[in-house]
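Structure, as structure tokens:
The values are calculated or read from the model by the stated rules, or taken from the named source; none is laboratory data. Everything numeric in this text was worked out from a predicted model, so none of it was measured. All Cβ positions, even for glycine, are placed from backbone atoms using ideal geometry, and neighbour counts span all protein chains on display.
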Amino acid sequence: MNSPTRALLAQWAAIIAVVGTLAAIPTSWIERGPALCLISAVLGACPVCGSVRAISHFLHGHLHEAVQSNINVVVTGPLLLCLAADALMRLAQHASRLRTKSHNRPAT
């Protein structure tokens, strides 16, 4: 497997891992954590603050709370789901190609 293929597999796996983790962890756990936004700490306002909480609410089906956390979730939520679905399909296609290659090799 060449380096670009490994890099793409790592990116796809990371997308799936992030979406899966945010979907598995209750939003209340995220809300209990400290605010880690450096931009907000320095400038006082940040357009992406609340995005992780918003995506978590979105993935749990709490759309009203998601929009209250950050309005950007209207775009980022569906986009993240599309990226995760695309990554899953590409990983499945890649695995299928690998299985096909291994079955087509002559026995030694």
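Exactly one residue out of G50, G20 is surrounded by 10 or more Cβ atoms within 10 Å (Cβ to Cβ) and on the phi > 0 side of the Ramachandran plot: that is G50. Any residue at all in region 77-86 that is within 13 Å of the chain's Cα centre (by Cα), surrounded by 10 or more Cβ atoms within 10 Å (Cβ to Cβ) and either modelled with pLDDT under 85 or of a type in the set (D, E) (or both)? Yes, region 77-86 has at least one match. For region 92-100, the criterion of being of a type in the set (V, I, T), modelled with pLDDT of 85 or more and over 19 Å from the mean Cα position of the chain (by Cα) is satisfied by no residue at all.
Of the listed requirements (1) modelled with pLDDT of 90 or more; (2) of a type in the set (F, W, Y); (3) under 10 Å from the mean Cα position of the chain (by Cα), W12 misses just one: (1).
Closer than 22 Å to L8 by Cβ and aliphatic (A, V, I, L, M), is that true of A87? For A87, the condition - closer than 22 Å to L8 by Cβ and aliphatic (A, V, I, L, M) - is met.
Table: residues versus (1) in contact (Cβ under 8 Å) with a residue 12 or more places away in the chain; (2) surrounded by 15 or more Cβ atoms within 10 Å (Cβ to Cβ).
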residue	(1), (2)
A10	no, no
A13	yes, no
L63	no, no
A66	yes, yes
V74	no, no
A92	no, no
R99	no, no
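From the list L36, L43, the lone residue that is more than 14 Å from the chain's Cα centre (by Cα) and more than 30 Å from A7 (Cα to Cα) is L43. Note on region 2-17: among residues that are of a type outside the set (S, T, Y) and out of contact with any helix residue (DSSP H, G or I) (no Cβ under 8 Å at 6 or more places or on another chain), the one that is nearest to I55 (Cα to Cα) is A17. Within the set of pairs 6 or more residues apart or between chains, which connect a residue that is under 25 Å from G61 (Cβ atoms) inside region 22-49 to a residue that is modelled with pLDDT under 85 and not basic (K, R) with Cβ atoms less than 7 Å apart? What qualifies is C49/C37; C49/S40.
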